[in-house]
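The structure appears right after this line, and notes come after that.
The values are calculated or read from the model by the stated rules, or taken from the named source; none is laboratory data. Predicted, not measured: the structure shown is a model, and the values here were computed from it. Note: ideal-geometry Cβ built from the backbone for every residue, glycine included; neighbour counts use all protein chains shown. Surface areas here come from the heavy atoms of the whole protein model, side chains and all, with no ligands, DNA or RNA. Shrake-Rupley method; radii C 1.70, N 1.55, O 1.52, S 1.80 Å.
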Amino acid sequence: MSTANTQTLLRRTTAALAAVAGFLVSGDVSALTVTLSTPGVSSCSYSAMSVAPDGNVVVTCASTAPPVGPGTFALTTSTPTLLVGTVGTFTITRTVGNTGDANMTWSASGPACSTVSGLATILASAPLPSSAMFSVTMNAAGNCGISFTGTPAGATMLGTPLNVTVSAAPPPPPPPPPPPASGCPAVALTYDGDLGASGIGQRLTMASGGIASYPLPSTTPYTSGRVIIGQTPISPGSVLIEMNISKCKGVIDPTGGTAGPGCYGKTNSNAYFEFGWVSSTNFVRTPAQAALFGQCMALPADGPWYVNTRWTYPACAYGPASCGFSIQWNPAGY
């Protein structure tokens, strides 16, 4: 017990306890340490002891003064690893000592943080432990070193410098795809995928009559693009390849549907098929004009758009659903 003049009452339960208490009260108790025998009660050095009229023993504990001196200070943080753009919070804590106000100068430097500094003050009269907090914004990936110095002279400084590791913030998740256009029929797809980055081919195998669908890629900064289907060692010898750029996933409409005739194409070649679209009105103004150039007008604002492809063949020498082609997309030259 450390609070001055804290009184602890121990009820006398036997005549022997009263006799012992009377002996201690009458003797010199200024240098004794009394261990309080009640379970859960701490021991203390006491300055006075008496017997109350009701027979209880009253023990007055002596006050315990904190250590005199400049004290001990420690620098800590609950966030030793941070992301770029976040703020780290740091704490300087005085655990012992009461000589002089503590005026601590902290500083931060390193690739991850701008070189900044500030002042943290802890008053000598503040109850211990006592703390001062400050924060630093992390601007880049790397390391940021936090340190502090200050008065009172002779104080013990712990935890300095404190190194913080800052990692690049992960990219935000892509927005969810927009909902399909209303009125689209439900189509059983053999493959529902993504064409990925431009210029990178994917091998796709499907049974005859199967349909694959992909979201139409963004052509930015270009204003047009093309999907290319190419031959592979497992391509069927005789085939009908169809492609339709549509607002409806999986739909193959030989008329081109509401997007216009330029949005449907086909070939009987098993070697190469290319189908293009424009995503701007910079060079053509209407779907009909785009169709004259063998293009589908698919403006992003009118989407979402899908690239749907189907190939039909009489037989596959490699087994059912084992024949296929490579497919990729590229931005066009304008």
Conditions (1) of a type in the set (Phe, Trp, Tyr); (2) free of Cβ contacts under 8 Å to residues at least 60 places away in the same chain; (3) surrounded by 15 or more Cβ atoms within 10 Å (Cβ to Cβ); number of the one not met by Tyr272: (3)
Residue in the stretch 54-76 that is modelled with pLDDT of 90 or more, open to solvent by 30 Å² or more (accessible area, probe 1.4 Å) and in contact with a Ser or Thr (Cβ under 7 Å, 6 or more places away or on another chain) present: yes
Test: residue in the stretch 123-133 that is open to solvent by less than 60 Å² (accessible area, probe 1.4 Å), of a type outside the set (A, V, I, L, M) and closer than 30 Å to Pro171 by Cβ: no
Which listed residue, of Thr205, Thr286, Thr281, Thr255, is out of contact with any His (no Cβ under 7 Å at 6 or more places or on another chain) and under 20 Å from Ile327 (Cα atoms): Thr205
Number of the exception - Ala169 against (1) of a type in the set (A, V, I, L, M); (2) surrounded by fewer than 17 Cβ atoms within 10 Å (Cβ to Cβ); (3) modelled with pLDDT of 85 or more: (3)
Residue among Cys316, Cys296 that is closer than 26 Å to Gly237 by Cβ and open to solvent by less than 50 Å² (accessible area, probe 1.4 Å): Cys316
Qualifying position, being more than 11 Å from Lys249 (Cα to Cα), surrounded by 11 or more Cβ atoms within 10 Å (Cβ to Cβ) and free of Cβ contacts under 8 Å to residues at least 60 places away in the same chain, among Gly196, Gly201: Gly196
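Quick grid of which residues meet (1) closer than 16 Å to Pro304 by Cβ; (2) in contact (Cβ under 8 Å) with a residue 12 or more places away in the chain; (3) surrounded by 17 or more Cβ atoms within 10 Å (Cβ to Cβ):
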residue	(1), (2), (3)
Ala207	no, yes, no
Pro221	no, no, no
Pro236	no, yes, yes
Cys248	yes, yes, yes
Gly262	no, yes, yes
Trp277	yes, yes, yes
Arg285	no, no, no
